[in-house]
Amino acid sequence: MATILVLHGPNLNALGWRNPEHYGTLTLDDVNRRIAERAAMVGVEVECLQSNHEGALIDYLQERRGRIDGVVINAGALTHYGLALKDALTDAGVPVIEVHLSNIHARESWRRHSVLADTVRGQIAGLGWRGYTAAVEAMAGIIADAAGNPADEIENPA
């Protein structure tokens, strides 16, 4: 079974109380539970990790190299300056989807620039926690396509 690594960057441990007008009221545990449910529905496994430290995210990504098939990442503020994280994502050798809970393109100008953007397969922004589940479903299809199992053969629960 394919494995998707879901990485949550700085401050995402504060979901549920941090700026709910931008990030919603679900906690990170609630979000991870919904991610796992969607993953089971599309036939993939997920591993979720949150850290406020770029090095911890990089270390875990490198430890999992060769044992993961894709990455879904919300890098938080590292989106704008995490060049070491960008290198680690590139070196992982698997497809990556970037997720943002809020619509970063409708907020402050500094939030609109992602140093990861040119290394990821796609970007999902502004859908709240649903962006993660959409990314997991899309990644399952990308992985299936690469394995020669067209995405339309993945069971679609919708």
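Bear in mind that the values in this text are calculations on the coordinates, not laboratory data. Small disclaimer: the values here were computed from a predicted structure and weren't measured. Positions of Cβ are generated from backbone atoms using ideal geometry, with glycine treated the same way; all protein chains shown enter the neighbour counts.
I need the calculated FRET efficiency for the pair R34 and D118, taking r as the beta carbon distance and R₀ as 35 Å, to the nearest 0.05. So the FRET efficiency works out to roughly 0.75.
The H on the amide N of I124, modeled in the peptide plane, is under 5 Å from the matching H of E98, V99, H100, each at least 5 residues off or on a different chain. Along the axis of the charge dipole computed for the chain (Cβ charges of +1 for Lys and Arg, -1 for Asp and Glu, origin at the Cα centre), the listed residues A2, L28, S102 are led at the positive end by S102. Each of H105 and T25 was given a label point 7 Å from its Cα along the Cα-to-Cβ line. The distance between the two points is 2.9 nm. Across region 20-33, coupling constants 3J(HN,Hα) worked out from phi with the 6.51/-1.76/1.60 Karplus curve, θ = phi - 60°, read x, 5, 9, 10, x, 10, 6, 7, 4, 4, 4, 5, 4, 5 Hz, and Gly and Pro carry x. Entry note, the chain: relative contact order of 27 percent, from Cα contacts under 8 Å with a spacing of 6+ residues. Dividing the helix sum by the residues of the chain, where each DSSP H run of 4 or more adds -39500 (n - 2.57), gives a mean residue ellipticity at 222 nm of -11000 deg cm²/dmol.
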